[in-house]
Structure formats: C-alpha cells, structure tokens
Ligand code: TRP
C-alpha cells in the first residue's frame, strides 16, 4: 500500500512565494513521484474560525487557492483536492476528539498562543478558533495519514494531533494512525522572509510576492526589496545573512540559472563571496533574482490564466475531490464509532 499524505491550506487569500518554497513545490514533487496517495484540503471551516464575520472572503479565497494549486502543477488526476466543509464527517470526528483534550493544553499550544496575540483576541477568543487544532487532528487522522508536509509553524499542531491519536487509541483501541510532519528540505525554503526582510512572508504584513502577481509587479517588488542597510555604496562589503535577496536566491537559484543569466559566477557561493568582499551592487543581484523568480512564475501565471477562463473545471475538481475524500473519511468515522461503541443500530453489533 502506498503511504498516505494529507496536507492543506486555509483559504484566506491568494498563495505566495513563501507557500511555493515551503510546501507547493514539494507537493508537486511528491505528486510526480507516484509513490504516495495524496490528499490536499482547503480548510474553509478552519479559516472561518477567525473570519466568521467575513464569509465572503473565505468563499473567494477558496477559488483563489484552488487556482493557485492548479497553476503550480498539482494535477487532480494524481492528487485529491477537496474542501473541508464538504466532508461533514470531519466535523463529527472533531466532536469525538474534543473530549480528549483539555482547555489548559490548548492554551499552551505555541502556534495558537501566537495567533491569539496577533489577532488581539485575549480571553475573547472564539471557542472554534481555540479548538481548531482538534479539527486539524480530525483532518489528518481521517485519512490515516502517514505524512503531513507543513510549514514550521504547524509543528505544534502535529504534536497535538499525535497526542490525540495516543489518547484515543489508549481508551478505545488501536484505530488511529500517528502522523509524521515533513518540513521542506532547504533551510531558506522552510521560512521565506518577506520582501521587507521581516521573518515571514505573510499577507497580514503586506510583504508578499503572490504567485498571481504580474511581471511588472514582481519586478517592482524585487527591485524595492530590503537588503543589507550598511551596504550603501557598491564598494562596501555586504552581508548575506538576514539579507532576503540572498535568502531567496538560496531558496530558488540553481547553477543553471547562473549559466543562463550570470555566467561570470559559477554558483551562489561565488556571488555571495563577491558581495561580502565588496564591489557588487544590490541592483545587479536583484536583477538576477528577478530573472530566477520570473522563470518560476511565468508558467504558473500561464496555467492560472487558463483556469481563470475555465472556472467550471476548477469547480468540478473541488466537487469530485470532495466526494472522493468523503468516502475515505466515512470509513474512518465508522471505525471510530465502532470503537467508541456508538454504533447502536448497525447490523453487526
Ligand atoms: N493549519 C493549516 C494552515 O494554516 C491548514 C490545515 C488545516 C492543515 N488542516 C490541515 C494543514 C491538516 C495540514 C494538515 O494553513
């Protein structure tokens, strides 16, 4: 049997280069290896836990995320892309798991703690938001997933999921499978900084390059990127650490890119060495980065434009994917109900 992969995103906006580096690129690779059964969920219910007053944003973003998936090369004939709210059995699973987690444990979750602070919720945090890690454990365990490729910020959620698996299996018998988190393998990809140099590319910080940005916008964003503030004149020695231009090159530039666009350097190490010595200007490095990023984004943009003209295909993908995912979750829910013993009216009681 193939190993099962489950992963997903909250639909709160378009996807950006940080998503591409941290997960999308790897998903396409895993898809094309043909070694896994992969499910990708668009977590609209999770997105609603802190956007309940703005469901229109989630509805719109759902389509944007689906377009971004197709644009990067995820292929619905190879992976199952589905919508969380269209698989109601996930909600019942969540209900069973709610009893296995304490309020104190939820409040200790570092991801949730940070998010509550960022949103200024304090004690007025919606219960649905505080408990979304439990719903996320339902998403993962529903597919008996072996692997969960995620960003670094999601690790505490996978830990929480493992605890739920252990608790459930201890009480009710060995039904659920323990998942394992998988991070991107390139350090720069794990957390791509924003174009302003802040630690994370994030919509709320307004420092993103979106997969759907046009060429001109990408050029402007890259040419205005934060670099080393002490690298004032070309002759000055520059720092490559915490310099997002170099972090992006770490994430994306290949030796072939150097051959193609900057043949006077063999590779990124040589370029970095020159920058550190002094004598290499930011503009030249940024122009190179722009070409590297454009090579990645051009085909993505073209595929996106095609599907934007064929939204009926996008809707069909989501509907078919959700039906398929639902069949899998129904099986797991049956096992869970049997294990708890609430299968009162089923024939083989
Ligand atoms: N929490 C994830 C995010 O913020 C989305 C998500 C929901 C998810 N359920 C999941 C990710 C299950 C991995 C596995 O984007």
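Numbers below:
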quantity	calculated
The chain: most fluctuating residue of 289, 327, 249 per GNM, C-alpha cutoff 10 Å	327
Cα shape, region 231-274, gyration tensor, a/c 1.5 rule	oblate
Gaussian network model of the chain, Cα within-10 Å springs - most flexible of 127, 28, 240	127
Computed [θ] at 222 nm, deg cm²/dmol, the chain (DSSP H ≥ 4; -39,500 (n - 2.57); rounded to nearest 500)	-16500 deg cm²/dmol
Overall form of region 33-139 per C-alpha gyration tensor (a/c, 1.5; a/b vs b/c)	prolate
Separation in nanometres of the label points that stand 7 Å from Cα toward Cβ, at residue 276 and residue 294	3.0 nm
Between helix 89-98 and the chain: long-axis angle, C-alpha atoms, 0 to 90°, nearest 10	80 degrees
Relative contact order of the chain, pairs being alpha-carbon contacts under 8 Å that are 6 or more residues apart, as %	22 percent
Förster-model FRET efficiency, 30 Å R0, residue 114 and residue 287, C-beta, rounded to 0.05	0.25
Three principal axis lengths of region 76-125 [C-alpha, angstrom, descending]	43, 26, 17
Label-zone membership for region 48-86, site residue 311, 7 angstrom Cα→C-beta point, backbone N under 15 Å	56-68
Between helix 155-172 and the chain: long-axis angle, C-alpha atoms, 0 to 90°, nearest 10	20 degrees
Gaussian network model of the chain, Cα within-10 Å springs - most flexible of 148, 182, 125	125
Longest to shortest principal axis, alpha-carbon extents of region 215-305, angstrom	43, 26, 17
The chain - convex hull of the alpha-carbon atoms, volume per residue in Å³	154 Å³
Prolate/oblate/rounded call for region 262-349, Cα gyration tensor, a/c under 1.5 rounded	oblate
Distance between modelled label sites at residue 266 and residue 60, nm, 7 Å Cα→Cβ extension	5.1 nm
Cα extents of region 137-237 along the three principal axes, largest first (Å)	67, 31, 22
In degrees, nearest ten, helix 110-119 long axis to first principal axis of the chain (Cα)	70 degrees
Cα→Cβ-extended label distance, 7 Å offset, between residue 32 and residue 323, nm	3.0 nm
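Readers should treat all values here as calculations from the given coordinates under stated rules, not as data from a laboratory. What you are looking at is a predicted structure, and each value in this text was computed from that prediction instead of being measured. Cβ atoms come from the backbone with ideal geometry, glycine included; neighbour counts cover every protein chain shown.
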